[in-house]
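S.K.: This is the structure I have questions about; it appears just below.
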Amino acid sequence: MAHPVSPLAVPLPAFPPIPGVRLGTARAEIRYVAREDVTMMVFPPGTTVAGVFTRNRCPGAPVDWCRAALKGGKARALVVTAGNSNVFTGRAGRETCAATAAAMAELAGCKPREVFLASTGVIGQRLPTEKLVGALPGLFAALSDDAWERAARAIMTTDTFPKGAVRRARIGDAEVTIAGIAKGSGMIAPDMATMLCFLATDAKVPAAALQNLLAKGVDGSFNRTTVDSDTSTSDTVLVFATGATKHPRVPAEGGPMLRDFARALNEVLTDLALQVVRDGEGAQKLIRIDVTGAVTHRSAHRIGLSIANSPLVKTAIAGEDANWGRIVMAVGKAGEPADRDRLSVAVGGVWMAKDGEVAPDYDETPVVAHMKGREIHIEVDLGLGRGKATVWTCDLTHGYIDINGSYRS
């Protein structure tokens, strides 16, 4: 069942070819009948890879496969399927991964452990291996360098719009490009919250340096977002560096030479993470929560998530009710240091509560107007220290129930 496009949707950018990357999509009818549901990317020898995965203790077989493959630091191919997540499928799930990687490795002329896999969709159903493997040769023969938009669409499940981002960076005197696509709409919570995200760059970056940059970048982007507090079993972010563009040699540890590259990588990750929140199931409003004055940054982060994950806060915003009492409640239940008599709360830049009581000059009129908008800004100052954090979420509407109540039917 198709759902209306999110009112918070943003257009897909124009994707330039990424030197060294060939990609394409195909129809294997794994679950969806009338659309592309398999995505393939192929990379040249020497491509390095980094990955960050879900912390859910019941991960899918593809996550286990990628974690093991990542130890080699090299990649030649990626295969992604939509409609069936290959999670909670026991030995059959592991066999599907092995068979897919073996078939792809034969096509690409590489080792199975240089093939990375990801799947998204229904949990607990066997993935039809024959259909998937059968689709690979024809897809491999038709790869090109300009199928990024098709790939962004082929990895979608309950998403209402495709998600992509592109940035350029300099390494020495050379320009490199980072492109990425993501899918995610529900079952989105920190500890790597996207479901699936794939990035590629023509830079030549050692695997260890790439892993360090990705881990930091994910912590400042996907781990600052939540739609519904549910951490997916399939969350995967992978970045592939083909090294196809010549630039000064990057040392193993990375260092200052990658400063601009890190900036561009972080921008792509944050752009994609916010697009996932914009597509939160049933979402009508994007919410930014800035927490300051906490005892530590970690404490501020946890308080921000407590507010962002509160059904009472999210439904109040859906109803355009600036109920700051619910925000105070969410601060207090976070389990972090807080002093009621030092707490201040603002919505839309207007301080409603100051030092534990209603602000003396509080005027609700501009707040009411702000609540009617598509993007809501909440600020909380705990007045205790220098810890701060920003978290993004969306409102909670009846649309979330409609989508998830009919997900398997």
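S.K.: Residues in the stretch 243-254: is at least one modelled with pLDDT of 95 or more, touching a Phe, Trp or Tyr at 6+ places or on another chain (Cβ under 9 Å) and buried (at least 22 other Cβ atoms within 10 Å of the Cβ)?
M.R.: For the stretch 243-254, residues modelled with pLDDT of 95 or more, touching a Phe, Trp or Tyr at 6+ places or on another chain (Cβ under 9 Å) and buried (at least 22 other Cβ atoms within 10 Å of the Cβ): absent.
S.K.: Out of THR236, THR270, which single residue is outside the structural domain of ASP395 (by TED's automatic domain parsing) and in contact with a Phe, Trp or Tyr (Cβ under 6 Å, 6 or more places away or on another chain)?
M.R.: THR236
S.K.: Follow-up. Checking GLY335 against (1) at pLDDT 95 or above; (2) touching a Phe, Trp or Tyr at 6+ places or on another chain (Cβ under 8 Å): exactly one of these is not met. Which one?
M.R.: The failed condition is (2).
S.K.: Name the single residue, out of those in the stretch 82-112 being in contact (Cβ under 8 Å) with a residue 40 or more places away in the chain and under 17 Å from PHE53 (Cα atoms), that is surrounded by the most Cβ atoms within 10 Å (Cβ to Cβ).
M.R.: ASN86
S.K.: Using the structure shown, decide if ALA241 is out of contact with any Cys (no Cβ under 6 Å at 6 or more places or on another chain) and among the small types (Gly, Ala, Ser).
M.R.: Yes.
S.K.: Follow-up question, since we're still on this one. Condition check: touching a residue at least 60 places away in the same chain (Cβ under 8 Å) and either of a type outside the set (A, V, I, L, M) or closer than 30 Å to GLY121 by Cβ (or both). Does ASP402 satisfy that?
M.R.: So ASP402 fits the description; yes.
S.K.: A further question on this structure: Pick from the stretch 273-301 the residues that are among the β-branched types (Val, Ile, Thr) and out of contact with any Gly (no Cβ under 6 Å at 6 or more places or on another chain): which of them is farthest from HIS3 (Cα to Cα)?
M.R.: THR292
S.K.: With the condition kept exactly as written, say whether any residue in the stretch 223-230 is buried (at least 24 other Cβ atoms within 10 Å of the Cβ) and either modelled with pLDDT of 90 or more or not in a loop (DSSP other than H, G, I, E, B) (or both).
M.R.: Looking through the stretch 223-230, at least one residue is buried (at least 24 other Cβ atoms within 10 Å of the Cβ) and either modelled with pLDDT of 90 or more or not in a loop (DSSP other than H, G, I, E, B) (or both).
S.K.: For the stretch 10-21, name all the residues that are in contact (Cβ under 8 Å) with a residue 40 or more places away in the chain, surrounded by fewer than 17 Cβ atoms within 10 Å (Cβ to Cβ) and farther than 25 Å from GLY243 by Cα.
M.R.: VAL10
S.K.: Sticking with this structure for a sec: Residues that are buried (at least 21 other Cβ atoms within 10 Å of the Cβ) and at positive phi: does the stretch 42-63 have at least one?
M.R.: The answer is no; no qualifying residue exists.
S.K.: While we're here: Among the residues of the stretch 243-264, which ones are within 22 Å of the chain's Cα centre (by Cα) and within 25 Å of MET41 (Cα to Cα)?
M.R.: Correct list: PHE261, ALA262, ARG263, ALA264.
S.K.: Answer yes or no as to whether VAL166 is touching a Ser or Thr at 6+ places or on another chain (Cβ under 7 Å) and at negative phi.
M.R.: When the stated conditions are applied, VAL166 passes them.
S.K.: So which residues in the stretch 289-311 are in contact (Cβ under 8 Å) with a residue 40 or more places away in the chain, buried (at least 18 other Cβ atoms within 10 Å of the Cβ) and in a helix (DSSP H, G or I), if there are any at all?
M.R.: Scanning the stretch 289-311 gives SER299, ALA300, HIS301, ILE303, GLY304, LEU305, ILE307, ALA308.
S.K.: Which of the following residues is under 20 Å from ASN86 (Cα atoms), more than 18 Å from the chain's Cα centre (by Cα) and either of a type in the set (Asp, Glu) or in the same structural domain as ILE178 (by TED's automatic domain parsing) (or both): VAL52, VAL38, VAL42?
M.R.: VAL38
S.K.: Also: All but one of (1) loosely packed, with under 15 Cβ neighbours inside 10 Å; (2) touching an Asp or Glu at 6+ places or on another chain (Cβ under 7 Å) hold for ARG76; which doesn't?
M.R.: (1)
S.K.: Collect the residues in the stretch 255-273 that are buried (at least 21 other Cβ atoms within 10 Å of the Cβ) and within 15 Å of THR225 (Cβ to Cβ), keeping them in residue-number order.
M.R.: Listed by number, the residues that qualify are VAL268, LEU269, LEU272, ALA273.
The values are calculated or read from the model by the stated rules, or taken from the named source; none is laboratory data. All values derive from a computational prediction rather than experimental measurement. Cβ coordinates were reconstructed from backbone atoms using ideal geometry, including for glycine residues, and neighbour counts include every protein chain displayed.
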